1. Taking just the alpha carbons, could you work out the radius of gyration and Dmax for segment 240-350, both in angstroms?
2. Dividing the Cα radius of gyration by the Kirkwood radius, what Rg/Rh value follows for segment 213-254?
3. Summing -39500 (n - 2.57) over the DSSP H runs of n ≥ 4 in the chain and dividing by its residue number, what mean residue ellipticity at 222 nm do you reach, to the nearest 500 deg cm²/dmol?
4. Once you put a point 7 Å from the Cα of Asp64 and another 7 Å from the Cα of Asp268, both along the Cβ direction, what distance in nm separates them?
5. Place the peptides 117-124, 210-217 in order of packing, highest mean first, counting for every residue the other Cβ atoms within 10 Å and averaging per peptide.
6. Work out, in µm²/s and without decimals, the Stokes-Einstein translational diffusion coefficient of segment 12-115 at 37 °C, 0.692 mPa s, Rh from Kirkwood over C-alpha pairs.
7. Please check which bits of segment 178-219 a label hung off Thr165 would reach, taking the label as a point 7 Å along Cα-to-C-beta and the cut-off as backbone N under 17 Å.
8. Determine the relative contact order of segment 207-277: mean sequence separation of Cα pairs under 8 Å and six or more apart, normalised by residue count, in whole percent.
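Where a number appears in this text, it was derived from the coordinates with a stated rule and is not lab data. Please read these numbers as outputs of a predicted model, since none were measured by experiment. All Cβ positions, even for glycine, are placed from backbone atoms using ideal geometry, and neighbour counts span all protein chains on display.
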Amino acid sequence: MLLAFFGLALTAQPVMTLAEKEHDYGTFKEEAGPQTYDFQVTNTGNQPLVIQRIVTSCGCTTPDWTKEPIAPGGKGKITAVYDPRNAPGKFSKTLSVYTNSKPEMVTLVIKGEVTPREKTIEELYTFEAGPVRFESNHLAFTNVLKTEKKIRTMQVINTSNEPVTIDFDQVPTFLAMKVTPTTLKPGQKGLVSGTFDATQNDGWGQSTYMIKVVTNGNSNQNAYYYISANLVEDFSSLTKEELENAPLFSVPNRTYDIGKMKGSTTADIEFVITNSGKSDLYIRNVRSTCGCTAVQQGNKDQPIKPGESTSLKAVFSSGGYKGKVTKAIYVYTNDPKNSEVVLMLTADVEQP
């Protein structure tokens, strides 16, 4: 009798039995909203079953479950709610269920496919400029070689009840902007085309420009259209021999640690740059990420000869910063391997 008692004690435990561990919602529309499914749970053990917690693989899945202990032979449920909002396409998500049974964790799977809803005009054309809407207020040319003209396009739509003629103001000379057709009928879509002529631009690296949208001859208040480009050197025509004999940008340390400094003070920084290559090194441009760092660049038309060095000086103003501060200085060169170099400066600013 005693052995039998201990045998029962050792085997007394809850057992979570699921009717299924996977559910397929099938195909449904995004506008149908959250989809719910109940996984049926039975305690086939001889002790109360407690579902302690459930962890989902993403925020799009919300779980719920029977909170009170499920008696032996009793039933409960685990509810999975999947929200398809802004998540079209196929999906497969998991719910990790933790209980006081063995095994302690069981994985449930929900899957399906969401048919995307038809987006509104406001969602498709996010930038409003008076009677028209553009897909965005930003025309990004990304990397533009200094030897090329690059074209980028974007759609625009007339959302008014009258014809609208679109033009642009404050356009820099190296940029050509046009809309086809120039005049849009009510509800008509058009195409904005921008041509960035890098051969006419003296800049280097990341550049941003603002132009104004003009509709029916009127400049729209605060309707600024942003143009961005990263102007880079063109090394595509260099031969193998030219690459082997190219300049080489070298600096002992690309990070300068100022250490502790007081607020509203300045610190001088100096990076020593050496040309370790076999031909003249030109520093095309130098820029910092904020107005708190003033960079002193020498004559950019004066090359650094092979084996020679020069100093790049900067002044960091701590201003109202507090604690650890990190800023970047971008250096653009004619070194094919280091055409864009990022130099970092760090400081620990103490404010009173």
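1. 15.3, 52
2. Computed over Cα atoms, the ratio is 1.40.
3. The helix-only estimate for the chain comes to -1500 deg cm²/dmol at 222 nm.
4. Rounded to a tenth, the inter-label distance reads 6.9 nm.
5. By packing density, highest mean first, the sequence is 210-217, 117-124.
6. 232 µm²/s
7. What the label zone holds, given the 17 Å backbone N cut-off, is 178-186, 213-219.
8. For segment 207-277, the relative contact order is 27 percent.
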